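Engineer: Below you'll find the structure I mean.
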Amino acid sequence: MYARRRHWYFGLMGLCVGLFVLAWGVVRLWSVPAAVGMCLVAMVIPPVAAIVANRRGPDDRWWDDPSGDQQSDEWWDELDGKRRH
């Protein structure tokens, strides 16, 4: 799961940098408003990329990692429908 989120993050950030470079290297020669629009779109991408990179999937354990207290961990596993072997 981590690798998939990392790939999405770097893909989105690459798209962001690509939009900036394309907007001010090429598109501004034909249309400054279009270049500004591309930069506005690129400005929204980094927060979205951060959200995607930090999103937890259903298979990721973080809130229910074992606490070290065996009785408590067994109790929570029983509530979640998980069986320990």
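The values are calculated or read from the model by the stated rules, or taken from the named source; none is laboratory data. All values derive from a computational prediction rather than experimental measurement. Don't worry about glycine lacking a Cβ; one is built from the backbone with ideal geometry, like all the others, and counts go over all protein chains shown. Calculation scope for accessible area: heavy atoms of the full protein, side chains included, ligands and nucleic acids excluded. Shrake-Rupley method; radii C 1.70, N 1.55, O 1.52, S 1.80 Å.
Engineer: Could you please find all residues in segment 17-48 being surrounded by 12 or more Cβ atoms within 10 Å (Cβ to Cβ) and aromatic (Phe, Trp, Tyr)?
Structural biologist: If the condition is that a residue be surrounded by 12 or more Cβ atoms within 10 Å (Cβ to Cβ) and aromatic (Phe, Trp, Tyr), then Phe20, Trp24 are the ones that fit.
Engineer: Right, here's the next one. Within segment 1-11, which residues are exposed (fewer than 15 other Cβ atoms within 10 Å of the Cβ), assigned to a helix (DSSP H, G or I) and not small (Gly, Ala, Ser)? Let's see the steps before the verdict.
Structural biologist: Of segment 1-11, the ones exposed (fewer than 15 other Cβ atoms within 10 Å of the Cβ) are 1-4, 6-7, 10-11.
With the extra rule that they be assigned to a helix (DSSP H, G or I), the set shrinks to 2-4, 6-7, 10-11.
The answer is Tyr2, Arg4, Arg6, His7, Phe10.
Engineer: Continuing with this model, one more query. So which residues in segment 27-60 are in a loop (DSSP other than H, G, I, E, B) and of a type in the set (Gly, Ala, Ser), if there are any at all?
Structural biologist: Of all residues in segment 27-60, those in a loop (DSSP other than H, G, I, E, B) come to 30-31, 55-60.
Within segment 27-60, Ser31, Gly57 meet the criteria.
Engineer: Based on what the data block shows, is Gly14 open to solvent by 40 Å² or more (accessible area, probe 1.4 Å), at pLDDT 85 or above and of a type in the set (Gly, Ala, Ser)?
Structural biologist: Numbers: open to solvent by 40 Å² or more (accessible area, probe 1.4 Å): yes; at pLDDT 85 or above: yes; of a type in the set (Gly, Ala, Ser): yes.
In short, yes.
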